[in-house]
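The values are calculated or read from the model by the stated rules, or taken from the named source; none is laboratory data. The shown structure was predicted, so the numbers you read here are calculated from the model rather than taken from an experiment. When we count neighbours, we look across all protein chains shown, and the Cβ atoms used for this are built from the backbone with ideal geometry, even at glycine.
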Amino acid sequence: MDGTLISGRTSLLCTLLLLGTQVCWASVTVTVSPKVEVILGQPIKLPCTYDTSEPTKMIVVEWLIEGQGVRTRISFRSSQESKVDEGTPYSDRITMGEDDSLSIKAVAVGDERAFVCQVNGGVVGAAEARTELKVFSAPEEPVAAGTLQLLSVTTPTPEEIGTCTAKNGHPQPRIIWYKDASPLPEVKDINEDMYMVPSVVKESSGLYTINNRLYIKVQKADKDSKFHCVVEYMMPSSAAQQKSSQPFSLNLHYAMEVMTFTTVNVGPIKEGDDVSMKCETDGNPQPEFDFLKAGNAIPDAKGPLVTLKKVTRDSADNYTCSFLDCDFSDCDEITRTLKLSVHYLDPVVIAPAGPQTAKKGDTVELQCKTKASTDYTLVWKKDSKELSQTGVLSLQSVSLEDAGVYSCVGAVPSVPGLMEEATVTLVVSGPPEIDVPTNGEVEKEGDMVTLTCSAQGHPSPQFTWTPSGKESVDMKGTTMVSTVTLKATAAVMKEGVVCKVSNEHGEDTKTFQVALKTTAGPNEADAGDRADKHQGGSSGVVIAVVICVLLLLIVVALLYFLQKKGKLPCGKKDKKEVAGGEVNNDIVVEMKSGEKGNEESELLNK
């Protein structure tokens, strides 16, 4: 009895030990992404997978969140059901997929926390893994504002020169100050040269607004510097990104070292120009200036710039600019002087004054004069053609063509745009002269024809056409032009049309011929006919040769066909030669020369 009991107990103990060993060997492994990054407002999916050491149907997967040391389940799934827990911050924003992943709609800043995926496999065991969710939001473009105060370079301590603000960033961004293109070192401790004072505000949305004030001990060199700030922030799976503000400048107060008084105009100044004179110093702010001309105040001269409207030669003088320098204990008057030069050119005068009248063959001399502030030139021109560069124009033995308008142009080469011009008209009297006539053409006798007769002369000539027609007269420069339209009668085409011009000094006559329009001469037409005939003959010969060759080929083919069929008799001599020869299956045809010629002739005739 005792032995049996001991044996049973030993067997039970071994069974329990075996089961315990099996339970200890069973396990569950959970795999998640340790860190998941997402941009604010976008959806995100948190994956969760698991493995068990042995198959089991008793699996429960739960998602939990942690906060202030407390875990809260937000969703679970088992073989029987899948459910999102009520009363949590995620009750209406999450879903749990069949692959056990957790999906969150429109991620908020508050979602940046730890999410735990827990898997319970009953006797197989339980395990969990943690996912850290990181939320990112790019801040707005930073706004940098410089101080509006006038900063003095003599202040011994740093002054606030500007502030930079960047709103709505996550995680917390940082601000970097730039002077021109170089970043300034981040200094938060107050010192005698430069430092920054940063501040951070966490908005109710959970986003960060950062502010940074820059303090600098300004120097005169800072007057030309540009300051701006950059906000640096992080985004998912990328290096740090940046956004820049608009730059600003400083308004500095510093003493004058150099003073200048110059004209703003570029190049020489001439009468009629507007002249601007600028007085300035290298200090800031600019002082109040006083402007004088030869010791007398200039009316309405204010500010650093004074403008003289439409200056004349009388505007040329010494001008002064002055101000009181009171940066130190005693006030000193600082003065600068400017000598203004104004170039001028008097109107050109022609002697003798026009208009001038000369007879054909006379000699005409004209002279022009002027005065200028510096070296000048005088050029005589007619119809843009230069005739003289001395101011004197001499025309020897003038003709009717010499009549017209002459101009004398005065200019100062060293002063662009300074130019004067005068003109004179020369009239040459004499008998009229008709230009070379242009003959007329008509399609056929009886058509209307238009003829033009051009003549020069002074006094203006009178025109007479023989025979007459519909006439019109026009003046083109110094040339009179008469146009007549009349019928091209047989008499007109035979004798032509006469144009006669006359004035008190004489007359001139020219005859205009009227002919039929021609297209091609008779020689050209005959040559064309001959070429066509020659080409036609050549073509006919070529066609005849081609036809003959084709007929011969047909005859040879026909003979070969008849011989092949045995319908063409051969002579005995031919048969013997064929029988005793070495050529097999060849046909030898012999024809008498007379018969051959007759057959070919008959075929060709057919």
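There is no residue in the range 129-143 that is part of a strand (DSSP E or B), more than 30 Å from residue 235 (Cβ to Cβ) and in contact (Cβ under 8 Å) with a residue 12 or more places away in the chain. Scan the range 298-313 and tell me whether some residue there is free of Cβ contacts under 8 Å to residues at least 12 places away in the same chain, in a loop (DSSP other than H, G, I, E, B) and at positive phi. Yes, that holds for at least one residue. Restricting attention to the range 387-401, and to residues there that are touching a strand residue (DSSP E or B) at 6+ places or on another chain (Cβ under 6 Å) and not polar (S, T, N, Q), which single residue is farthest from residue 430 (Cα to Cα)? Applying the filter and picking the extreme gives 391.
Look at the range 84-109: where a residue is touching a residue at least 12 places away in the same chain (Cβ under 8 Å) and assigned to a loop (DSSP other than H, G, I, E, B) and a partner is aromatic (Phe, Trp, Tyr) and surrounded by 15 or more Cβ atoms within 10 Å (Cβ to Cβ), sitting 6+ places away or on another chain with Cβ atoms under 9 Å, you get 85/76; 90/63; 100/50; 100/63. When residue 346 is tested against the conditions (1) within 30 Å of residue 400 (Cβ to Cβ); (2) modelled with pLDDT of 95 or more, the lone failure is (1). When residue 186 is tested against (1) under 20 Å from residue 241 (Cβ atoms); (2) surrounded by 14 or more Cβ atoms within 10 Å (Cβ to Cβ), exactly one condition is not met: (2).
From the list 197, 201, which residue is at pLDDT 95 or above, surrounded by 13 or more Cβ atoms within 10 Å (Cβ to Cβ) and of a type in the set (Val, Ile, Thr)?
The match here is 197.
May I ask you to list the residues in the range 481-517 that are within 59 Å of the chain's Cα centre (by Cα) and at pLDDT below 90?
Passing the criteria: only 517.
Filtering the range 398-453 to residues that are within 30 Å of residue 373 (Cα to Cα) and among the hydroxyl-bearing types (Ser, Thr, Tyr) leaves 406, 407, 414, 423, 425. Being surrounded by fewer than 18 Cβ atoms within 10 Å (Cβ to Cβ) and either of a type in the set (Val, Ile, Thr) or outside the structural domain of residue 334 (by TED's automatic domain parsing) (or both) is the filter; apply it to the range 262-314 and report the residue that is modelled with the lowest pLDDT. Among those residues, the one meeting the criterion is 298. Residues in the range 144-179 that are modelled with pLDDT of 95 or more and surrounded by fewer than 14 Cβ atoms within 10 Å (Cβ to Cβ): 145 only.
For the range 542-567, residues that are among the basic types (Lys, Arg) and either surrounded by 10 or more Cβ atoms within 10 Å (Cβ to Cβ) or at pLDDT 75 or above (or both) total 1.
Scanning the range 324-373 for residues that are of a type in the set (A, V, I, L, M), surrounded by 15 or more Cβ atoms within 10 Å (Cβ to Cβ) and over 30 Å from residue 262 (Cα atoms) yields 348, 349, 350, 358, 364, 366. Applying a threshold of 9 Å to beta carbon distances and a minimum spacing of six or more residues, or different chains, the list of pairs starting in the range 202-215 at a residue that is farther than 14 Å from residue 161 by Cα and ending at one that is part of a loop (DSSP other than H, G, I, E, B) and polar (S, T, N, Q) reads 202/172; 208/172; 210/172. Looking only at residues of the range 449-479 that are among the aliphatic types (A, V, I, L, M) and free of Cβ contacts under 8 Å to residues at least 40 places away in the same chain, we find that the one that is nearest to residue 501 (Cα to Cα) is 473. Spot the failing condition for residue 320; the list is (1) surrounded by 13 or more Cβ atoms within 10 Å (Cβ to Cβ); (2) more than 30 Å from residue 280 (Cα to Cα), and only one is missed. Among (1) surrounded by 13 or more Cβ atoms within 10 Å (Cβ to Cβ); (2) more than 30 Å from residue 280 (Cα to Cα), residue 320 violates only (2).
Taking the condition among the small types (Gly, Ala, Ser) and either in the same structural domain as residue 451 (by TED's automatic domain parsing) or within 30 Å of residue 456 (Cα to Cα) (or both), does residue 429 pass?
Numbers: among the small types (Gly, Ala, Ser): yes; either in the same structural domain as residue 451 (by TED's automatic domain parsing) or within 30 Å of residue 456 (Cα to Cα) (or both): yes.
The answer is yes for residue 429.
Condition check ((1) in a loop (DSSP other than H, G, I, E, B); (2) touching a residue at least 40 places away in the same chain (Cβ under 8 Å); (3) touching a His at 6+ places or on another chain (Cβ under 9 Å)) across all residues:
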residue: 365; (1), (2), (3): no, no, no
residue: 387; (1), (2), (3): no, no, no
residue: 390; (1), (2), (3): yes, no, no
residue: 393; (1), (2), (3): no, no, no
residue: 410; (1), (2), (3): no, yes, no
residue: 421; (1), (2), (3): no, yes, no
residue: 441; (1), (2), (3): no, yes, no
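So that you can scan it fast, the table gives a plain yes or no per residue for (1) in a strand (DSSP E or B); (2) among the small types (Gly, Ala, Ser); (3) not assigned by TED's automatic domain parsing to the domain that holds residue 358:
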position	(1), (2), (3)
450	yes, no, yes
468	no, yes, yes
475	yes, no, yes
481	yes, no, yes
484	yes, no, yes
492	no, no, yes
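Scanning the range 433-465 for residues that are surrounded by 13 or more Cβ atoms within 10 Å (Cβ to Cβ) and among the polar types (S, T, N, Q) returns 439, 452, 454, 456, 460, 462, 464.
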